[in-house]
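A.B. asks: Below you'll find the structure I mean.
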Amino acid sequence: MLSGLLDVPAPSARLTADWQRETALRLRLEPGDVEVLSLARARTRWPDYRHCVQAVADWTRQRGLGDLLAASELALMACRGARYHHDGAYYGGASFCNLFLSEDRGLDLHFPAAELRIALTRGTIVVFDTGQPHAVIDRRSSGFALADFPPEQDRTQIFLSWELPIENADLAQALGISFDIDPSTALQLTEEQVWVNGAPARLCPDSGRWCQTVVGNEDASSAAT
């Protein structure tokens, strides 16, 4: 994965208040939820939107990704923490590029398999493989816990998220991804899947550890290594 810190303007008080209303009243974010916000609505109240997008475009270009960002799908997202998950089952053909817009609220983006924690503050940028397990957790915690997100505290993070095509050679090289393609097995699958040690896998939402799934949809008792 790639990460850095960009100098992007703070969202205006009007825009921040609008996001707070939308996450509280429409989305009703609960701890661990990750939901989509209206980007079109935000842009009408966001004079610095172009500056943020340009800052990300410049940063990715400097890392050898050319103009990949310009042709990629973009969404505005909100999360109140995030349980451990991967996005490979739905976005297996993509890598995410996330720019965080909220101030530091004592949260980290945690990649347990890579043993990496990234402090989330305004301007934090991360590019990562969607199959990489990750979560947004309290900086003092070792895993995701509901108690770390009490209702009286604002621990919501707003971020822009681009879907970058993982088959792009420059992106694969930048992320250190080597493709091991098995066409005969792939032809038998009807949907994208993540496997561990030769079997379909699930992820523990509290710890981020991979767990194998055995025949009959019963979970193996031990975590995969």
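A.B. asks: So if we plug the beta-carbon distance of SER184 and TYR90 into 1/(1 + (r/R0)^6) with R0 = 35 Å, what FRET efficiency do we get, rounded to 0.05?
C.D. replies: 0.90
A.B. asks: Please report the net charge: other residues with Cβ closer than 13 Å to the Cβ of ARG139, K and R +1, D and E -1.
C.D. replies: After counting each charged neighbour, the total is 0.
A.B. asks: What are the extents of the Cα atoms of the stretch 82-164 along their three principal axes, listed from largest to smallest and rounded to whole Å?
C.D. replies: Here the spans come out as 38, 23, 21 Å, largest first.
A.B. asks: Could you compute the FRET efficiency for LEU5 and TRP195, with r as their C-beta to C-beta distance and R0 at 35 Å, rounded to 0.05?
C.D. replies: The formula returns an efficiency of 0.50 here.
A.B. asks: Which label belongs to the value computed from this structure, given these candidates for log10 I(q)/I(0) by the Debye sum over Cα atoms at q = 0.09, 0.11, 0.15, 0.16 Å⁻¹: [x] -0.50, -0.73, -1.15, -1.22; [y] -0.39, -0.59, -1.07, -1.19; [z] -0.35, -0.53, -0.97, -1.10?
C.D. replies: The value matching this structure is [y].
A.B. asks: For the residue pair ARG41 and THR16, what label-to-label distance in nm results when each label sits 7 Å from Cα along the Cα-to-beta-carbon direction?
C.D. replies: Label-label distance for ARG41 and THR16, simple model: 1.9 nm.
A.B. asks: Using just the helices of the chain, give the 222 nm mean residue ellipticity in deg cm²/dmol: DSSP H runs with n ≥ 4 each add -39,500 (n - 2.57), and the total is spread over all residues, rounded to 500.
C.D. replies: One gets -4500 deg cm²/dmol as the mean residue ellipticity at 222 nm.
A.B. asks: Let me ask you something else. Round to the nearest 10 and give me the degree value, 0 to 90, for the angle of helix 49-60's Cα axis relative to the longest principal axis of the chain.
C.D. replies: Here the helix axis deviates by roughly 40 degrees.
A.B. asks: Go through the stretch 90-105 residue by residue and turn each phi into a ³J(HN,Hα) via Karplus (6.51, -1.76, 1.60, θ = phi - 60°); whole Hz please, and just put x for glycine and proline.
C.D. replies: Once rounded to whole Hz, the list reads 10, 10, x, x, 9, 10, 9, 10, 10, 10, 8, 10, 8, 6, 5, 10.
Taken together, the values in this text are just the output of simple stated rules run on the coordinates, not laboratory data. Note that the structure is predicted; figures quoted are calculated from it, not measured. Heads up, the Cβs are rebuilt from the backbone with ideal geometry, glycines too, and the neighbour counts pull from every protein chain shown.
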